[in-house]
Amino acid sequence: MEQSQQVKTKRRFPLNLYNKLEQKLKNKSEDTPDTTEDTVGIQVDKIERTEDTSLIKCPKCGKMVERARVVKKRYVCYECGGYFRVKTHNRIRMVADAKSFEPWFEDMEVSNPLNYEGYEDKLASAREKTGLNEAVTVGRCRVFGNEIVLGICDSRFMMASMGHVVGEKITKAIERATELKLPVFMFCCSGGARMQEGIISLMQMAKTSAAIKRHGDAGLLYCSILTDPTTGGVTASFAMLGDVIMAEPGALIGFAGPRVIKQTIGQELPEGFQTAEFLVEHGFVDGIVLRENLKKTIQFLIKSHQNTGKKTYADFYPNTEFHFELSEELKEQTWKSRPRSAWEKVKAVRQVERPSALDYMDSIFDIFIEAHGDRGFADDKALIGGIGFIEGQPVTVVADIKGKDFKECQDRNFGMPLPEGYRKALRLMKQAEKFNRPIISFVNTSGAFCGLEAEERGQGEAIARNLLEMSGLKVPVLCILIGEGGSGGALATAVGNEVWMMENATYSILSPEGFASILWKDSNRAQEASEVMNITAQDLKRLGVIERIIPEFGGADRKTAAAIGAYIKEHIKEFLEKYNGKSGEEIAAERYERFRNF
């Protein structure tokens, strides 16, 4: 079989599965140190101990479990998978290279800004109990040899509430990270603002947020990892401001805690409310990260968010020429294939068996990691997005997904995005601009969803906002129509420096049925309409609407998907090489002129 048919299928990893990530990205350095030598880092008041100190009670399932086995599993219950809370130094050992952590600002003076009675004694008690100076520890360390700034909140110290020292340590750490041009990773947990410090505690929310803004404006990465529990003023400030937000399984996350909600307004909360999984579903968290994958996850995020400031997009590739050649079987199939009519193409792209973007991505990207949510309402499964690597070059990927069976089609709303889908895509594209990543958009939708909920949440505004922002993105944008390109719903992710179409794809102002209904008052004339609408790749190449037609080698299906993907990959690399050395302003100006000329 020829090279194009030997493309190995790559696994797509959701954000909670990084078991083989190090095969692609791992630097040769020290691995996570053995965690079995220390005491279990668990909040003592959460654990019931027996006289037999070899056993501890899981706070999730309530079973007595072997302490040594829990430690070996990084403080995860081997019976139910429940997560124990961990001490600061154990968290450091989970993610930092051995002996690389350098603590910062440990000698900061503690005060009682409101002269709250008994506060000094409470602080002294917390310091004695935990061995910590305050509820947060910050410093510099290495992760597989990469330098980062690390912050860790410890729930044992006054439930990791945020007083002025906590806010000051976090702010100073972020400011120093900005000076040193280092990414920041913050492990968050908290009961919220520290009541004993009142309004002074409240001001820390604005202070830490302002520091994160400056850090982001410098083009640097800030990631937060939400652990159990993350609530109150911490949730409403530095915890939810990450370029990437992850959460540990089952973590309680919310602004007002369940008890506060119930006591304040008497509202009964549904099961699973304010869990990490709930926040992923509702679009506020990129994904769940397992403790066993924390270090590899951090390494991946460092590699995929490095902004060197250089406008080079092809220097990552190894010095080996990629040669694309069809197998004899596909050559024969291509030779036998005949041109299809517009209506035949309309019917072909609507087939549920037609390969999706994910099928082609297996052959295009070394690895693809999906991110979730618009950070405002939900995670729209009709439009996915994340980060892929093409031979070491990170790119941001967005794609419409219709589904392969009835259940998946329902889950993905038949590939018709809601406003939150477009807002998720825009969030990821703006993040790509910040970190100088090219954008690849796969378009395959019959159109934006037009139901009641879409109108309530601003479908028109969401599409318009994407058109506005995509026009000015300062990184290369390539858009590939792989199936249906339906109206403004397709255009919302197709404002590119170049637009390509697969051989039998379609791209139109609306469906042929809609066209016939509006102009001829008869939707039954859809076939006739398709022939006069100029909707095929060949029509649009002639009109100058697209730059390239991608061959389907007889028709896109499971047999040809790998070859089509390999062809796309080869030409994506050529596309990226065109933009080496061009400034962001030049790239955006070229895109503006492309659409200005229509």
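Diffusion of the range 335-427 by Stokes-Einstein, at 4 °C in a medium of 1.567 mPa s and with Rh set to the Kirkwood radius over alpha-carbon pairs, works out to 88 µm²/s. Between 0 and 90 degrees, the angle of helix 294-304 with respect to the longest Cα principal axis of the chain falls at about 50 degrees. Taking the charge dipole of the chain about its Cα centre, with +1 at Lys and Arg Cβ atoms and -1 at Asp and Glu Cβ atoms, the residue from 78, 479, 244 reaching farthest to the positive side is 78. For the range 276-283, putting each phi into the Karplus relation 6.51 cos²θ - 1.76 cosθ + 1.60 with θ = phi - 60° gives couplings of 4, 5, 4, 6, 5, 4, 9, x Hz, in residue order, rounded to whole numbers and with x for Gly and Pro. Quick check: net charge around residue 529, other residues with Cβ under 11 Å of its Cβ, Lys/Arg +1 and Asp/Glu -1? With Lys, Arg at +1 and Asp, Glu at -1, the net is -3. Would you work out the relative contact order for the range 399-463, in percent, from Cα pairs under 8 angstrom that are 6 or more residues apart? In percent, rounded to a whole number, it is 41. Any chance you could list the semi-axes, whole Å, largest first, of the equivalent ellipsoid that the Cα gyration tensor gives for the chain, using √(5λ)? Here the semi-axes work out to 48, 25, 23 Å.
When you filter the GluC sites (Glu not before Pro) in the range 87-151 for DSSP loop state and at most 10 other Cβ atoms inside 10 Å of their Cβ, you are left with 109, 117. The apolar share of the surface of the range 408-505, taken as the fraction of accessible area on carbon and sulfur atoms (1.4 Å probe, ligands and nucleic acids excluded), comes to 55 percent. Could you work out how far the C-alpha centroid of the range 164-188 sits from that of the range 391-450, in angstrom? Between the Cα centre of the range 164-188 and that of the range 391-450, the gap is 33 Å.
Taken about its Cα centre, the chain carries a charge dipole of about 380 debye when Lys and Arg each add +1 at the Cβ and Asp and Glu each add -1 at the Cβ. With θ taken as phi - 60° and the Karplus curve 6.51 cos²θ - 1.76 cosθ + 1.60 applied, the whole-hertz 3J(HN,Hα) list for the range 569-583 is 4, 4, 7, 4, 4, 5, 4, 5, 4, 4, 9, 4, x, 7, 6 Hz, x standing for glycine and proline.
Pairs with C-alpha atoms separated by more than 20 Å, drawn from the list 99/169; 169/213; 381/569; 430/573, are 99/169; 381/569; 430/573.
For the chain, the relative contact order is 12 percent, taking Cα pairs closer than 8 Å that sit 6 or more residues apart in sequence and dividing their mean separation by the residue count.
The charge dipole of the range 426-552, taken about the Cα centre with unit charges on the Cβ atoms of Lys, Arg (+1) and Asp, Glu (-1), comes to about 580 debye, rounded to the nearest 20. Entry comment: accessible area of the range 51-200 is 44 Å² per residue, from protein heavy atoms only and a probe of 1.4 Å. Projecting the Cα atoms of 339, 189, 54 onto the charge dipole of the chain (Cβ charges, centred on the Cα centre) puts 54 farthest toward the positive pole. Calculated mean residue ellipticity, 222 nm, the chain: -10500 deg cm²/dmol, from DSSP H runs (n ≥ 4) at -39500 (n - 2.57) each, averaged per residue and rounded to 500.
The values are calculated or read from the model by the stated rules, or taken from the named source; none is laboratory data. All values derive from a computational prediction rather than experimental measurement. When we count neighbours, we look across all protein chains shown, and the Cβ atoms used for this are built from the backbone with ideal geometry, even at glycine. When the accessible area is computed, the model is the full protein with side chains, heavy atoms only, and any ligands, DNA or RNA have been set aside. Shrake-Rupley method; radii C 1.70, N 1.55, O 1.52, S 1.80 Å.
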